[in-house]
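Below is one structure, written out as structure tokens; the observations come after it.
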Amino acid sequence: MQMTQKSVRTMSRRQWLKLVGLGGATAALAACAAPAAPAQPSVSGAGGQELTPAAQPVAEGMTGDLRVMVCCATPSEEPLRNKFNADFETRYPGVKIVPEILPAGQGYFEKLQTMMAANTLPDVFDMWEGYVQPYAANGALRPLDDLIDSDDQVKRDDILPVIIPAQSWQGKSYAFVYGFMPGPVSLYYNVDHFEQAGLQPPTPDWTWNDVREAALKLHVAQGDKVERYGLSFDNWFVTWQYMIWSNGGDIFNADETKTTITEPAAVEAVQFWYDMVNKDKVAVDQTAYQMLGGSMAKVFAGGMIAMRLGNYWDLGELKETQGANWRAVLSPKSNIGQRVWYMHLGCWSIGANSKMVPAAWAYARDFVLQRPIDSVTPYIPPLKSLMSTFTGPDHERLGYGALPEIVAQPGVLRVPGAGEKFDKIQGLIQAELDLAFTGKKSVAEAMATAAPKVDEELARRA
Amino acid sequence: MGAITFRRHSAQWYARRTARALVVYGLLIGLGAIFILPFLWSLTSSLRETGAPLGFPPQFLPTQFNWRNYVRVFEMIPFATFFRNSVIVTTIAVFGELLSASLVAFGFARLRFPGRNLLFILLLSTMMIPYPVTMIPSFILWVRGLGMANTFGPLVLPPFFGPAFSIFLLRQFFMTINTELDEAAKIDGASEFRIYWQIILPLAKPALATIAIFSFMANWNDFLTPLIYLSDRNLYTLALGINFLRNMRGGGELALQMAGAVMFIAPCIILYFLAQRFVIQGIVTTGLKG
């Protein structure tokens, strides 16, 4: 009897084990199965510039899935991109867009790098300033010159000269810029604060001294308790390059073998702005800015900051914010009277091994010509013939009207130097400048500490 | 048989003991409060009105209770889909890790075979290899070799191949179990598998619970692996998908981000409280900490 009970019990455990094993295997296999096809976006009417439809006989590379990977689309851009994709599929019936929009600013280049190593890059994908050259050097990108030259809708001499270096490597184009903007482009200001202080609003001709004087007058504090900061600005490589370049300094020497961040023009430029945080104490430091909300929408709606040196992407939040009486002018000129901006750009590149090159090029080109996201992300178009489309309901309020003319001037916009090394180099400089920004050392000390590390990195590249 | 005598302590001794206890508990409560502050801040921020400034100094106790933020998270992103995907991935991965790690650890702890120590050292040495080093070769293997791009495969199958840390932890625990139990079972005719299954595993519940918690947290919080393997948003896990609450350059509505973050970490907290007893027991027994 005992034996029977035991054998029954043993069998039942085996059965249970089998069941567990089978269940686990089934679950694992189910998890590994390819997903069902995602729902297609609905097709609605095309917008933007009229485009030539595909030729009737379907060309090679114009049938199949076109993998499109996008970095950093804002939520308001997404429906516009979906509509563009749907319209594209209507124009090119053989092509099915497989879109992938990553969460904003999260690991895009980590993913791209991994895909590049595995030779599984998407057909067409977002690239940024400073990334085109290292990816081209690694053979990940397809040169676009033959596609540009043979295209009847894009003329090479129509491309703005200012963007050509940003999309080129060793004389060839590896990306097609769909838009660019200076950074930091604007000095946003609270109109009410200026009126209360009896100050004239800023103009595009303001210099850094004008900003400092206004900040001193706009700042409101009672003892240690700050009721309103005069100014805020981000402490990151875009801002400090704008400061250094505008003041006549540079990050590297001409052949990019040595850094020049210890030279007076560079040090004085950054020190001028950091003094407003640590010496004048009228500009908010990064931590306090984050605690105030960390976004334009909050600081302006809350009336806690009178001026902010900001970027074009701040516009989206500002527009959605109630109760902020704001306007903006172009960011100020340095005290020597010049203004040199960092060039933010968005561009498309095509994977070196894409089997869908014609479709990928058509996608990139149509995106440039149609400007589907311009209503929410105001990029300056890359083609002279499209410059008249750089208009919008907020342009006057933002002072963007003069931008096309200004950026056409040589030397007003720059991309970072040192190619693929810049990411690391800016990190070396930033680590030191963070200490200066929080008043733990002077800018001169910070630059002196960072410079040998930067030189070492530059030497390693050579 | 002499009577047991108890030493009477002086009032001063009791006063000293009370004072010492007060200091110790005070310190522990203080440290505990410091550790909980970031979570309290997240919770408080998640209940603020959207668009309202956070203010400085930071507020740790809520004064507004805007529960609508939690509903808005569901409206803004497919939270339920992301949550479901995270549950699927984490459940399978934890199951695989427990199964494989316990089997391998049993082999290292209980079976004698040539090269056992060498193999164990080799296994331990794999713990020194950082994930970024193996990330690209693994990606090539899973995507190009096995064609598992955009599936849960690369997320759930690796734990079935015995993660080194879990094997190490379980082996240490298994070695503390008296071998006489195995010998007695062998005399009764039990196979090695039966010893593993019916004797060792039931005794190793604290260590298994510890592994389960660690594995759960690692898989639940993993951002990079889903990022590089998954393309279809319907397959995104919560750790990845929750980032859609952020705008470009990290902006966005902080109250909603915090509401999403609170819901994201809630399962970890609940699981920890449910298995707290086992975890502490497991950590104490194995001499390891997370």
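What follows is calculated from the coordinates using simple rules that are stated; it is not laboratory data. Fair warning: this is a prediction, and the values are worked out from it, not measured in the lab. Here the Cβ is made from the backbone with ideal geometry for all residues, glycine too, and neighbour counts use every protein chain on show.
Dimensions of region A:311-389 from C-alpha coordinates, computed as largest minus smallest value along each principal axis and given longest first, are 50, 37, 25 Å. Residues A:Met181, B:Met127, arranged from fewest to most other Cβ atoms within 10 angstrom of their Cβ, appear as B:Met127, A:Met181. Think of the protein assembly as shown as having a plus end and a minus end, set by charges on the Cβ of Lys, Arg, Asp and Glu; of B:Asn66, B:Leu157, B:Ala11, B:Ala11 sits farthest toward the positive end of this dipole.
Which lysines does A:Lys279 reach when only Cα atoms under 22 Å apart count, and residues fewer than 8 places away in its own chain are ignored? List returned: A:Lys217, A:Lys225, A:Lys333, A:Lys440, A:Lys441. Ranking of A:Cys72, A:Cys347 by neighbouring Cβ atoms within 10 Å, starting from the fewest: A:Cys72, A:Cys347.
Which lysines have a Cα lying under 26 Å from the Cα of B:Lys205, excluding residues fewer than 8 positions away in the same chain? Straight-distance partners of B:Lys205: A:Lys6, A:Lys18, B:Lys186, B:Lys289.
Calculated FRET efficiency, B:Leu103 to B:Cys268, Cβ-Cβ distance, R0 = 22 Å: about 0.25 to the nearest 0.05. When peptides A:214-220, A:77-83 are sorted by average Cβ neighbour count within 10 Å, with the highest value leading, the order is A:214-220, A:77-83.
Taking each DSSP H run with n ≥ 4 as -39500 (n - 2.57) and averaging over every residue of the protein assembly as shown yields -15500 deg cm²/dmol at 222 nm. Structure remark: mean-square fluctuation, Gaussian network model of chain B, C-alpha springs under 10 Å; the largest value among B:Arg48, B:Arg84, B:Arg112 belongs to B:Arg112. When the Cα positions of A:Trp361, A:Gly427, A:Val415 are compared along the charge dipole of region A:343-462, A:Trp361 comes out farthest toward the positive end, with charges on each C-beta of Lys, Arg, Asp and Glu.
Dipole of region A:152-307 (Lys/Arg Cβ +1, Asp/Glu Cβ -1, origin at the Cα centre): which of A:Gln271, A:Leu199, A:Phe176 lies farthest to the positive side? Farthest towards the positive end: A:Phe176.
Here's the list of lysines a cross-link from A:Lys172 could span, going by alpha-carbon distance under 28 Å and ignoring same-chain residues fewer than 8 apart: A:Lys111, A:Lys155, A:Lys258, A:Lys355, A:Lys384, A:Lys421, A:Lys424.
Summing Lys and Arg as +1 and Asp and Glu as -1 over all other residues whose Cβ lies under 11 Å from the Cβ of A:Lys281 gives a net charge of -3.
Working note: Cα atoms of region B:72-286, range along each principal axis, descending, whole Å: 65, 40, 27. Peptides A:94-100, A:326-332, ordered by how many other C-beta atoms sit within 10 Å of their residues on average, highest first, read A:326-332, A:94-100. The packing ranking of peptides B:186-192, A:140-146, highest mean first, is A:140-146, B:186-192, where packing means the average number of other beta carbon atoms within 10 angstrom of each residue. Using equal-weight Cα scatterers in the Debye expression, the normalised intensity of region A:80-138 in log10 at q = 0.21 Å⁻¹ is -0.95. Classification of region A:130-170 by its C-alpha gyration tensor yields an oblate form. The axis ratio a/c (a ≥ b ≥ c) is 1.5 or more, and b/c is at least a/b. Using the Cβ-Cβ distance between B:Ile136 and A:Arg91 with R0 set to 35 Å, the FRET efficiency from 1/(1 + (r/R0)^6) comes to roughly 0.40.
For the protein assembly as shown, a crude dipole built from +1 on the beta carbon of Lys and Arg and -1 on the beta carbon of Asp and Glu, taken about the Cα centre, is about 3960 debye to the nearest 20.
Taking the inverse of the mean 1/r over every pair of distinct Cα atoms in region A:306-462 gives a Kirkwood hydrodynamic radius of 19.4 Å.
Computed over chain B with a Gaussian network model linking Cα atoms closer than 10 Å, the most mobile of B:Gly115, B:Gly260, B:Gly153 is B:Gly115. The distance from the alpha carbon centre of region A:59-89 to that of region A:332-392 is 16 Å, rounded to a whole number.
Computed over region B:11-66, the Cα gyration tensor eigenvalues convert (square root of 5λ each) into semi-axes of 38, 9, 8 Å, ordered from largest to smallest.
Once divided by 2.2 N^0.38 Å, the Cα radius of gyration of the protein assembly as shown becomes 1.14.
Note on B:230-238: average number of Cβ atoms from other chains within 10 Å of each residue's Cβ is 4. Loop-resident trypsin sites (Lys or Arg not before Pro) (DSSP state other than H, G, I, E or B) in region A:405-462 with no more than 12 further Cβ atoms inside 10 Å of their Cβ: A:Lys440. Take each residue in B:123-132, count the other chain C-beta atoms within 10 Å of its C-beta, and the mean is 0. For the peptide B:220-228, the mean number of other protein chain Cβ atoms found within 10 angstrom of a residue's Cβ is 3.
By DSSP, the beta bridges lying fully in the protein assembly as shown are antiparallel in about 65 percent of cases. The calculated FRET efficiency for the pair A:Leu199 and A:Asp434, based on their C-beta separation and a Förster distance of 30 Å, comes to about 0.40.
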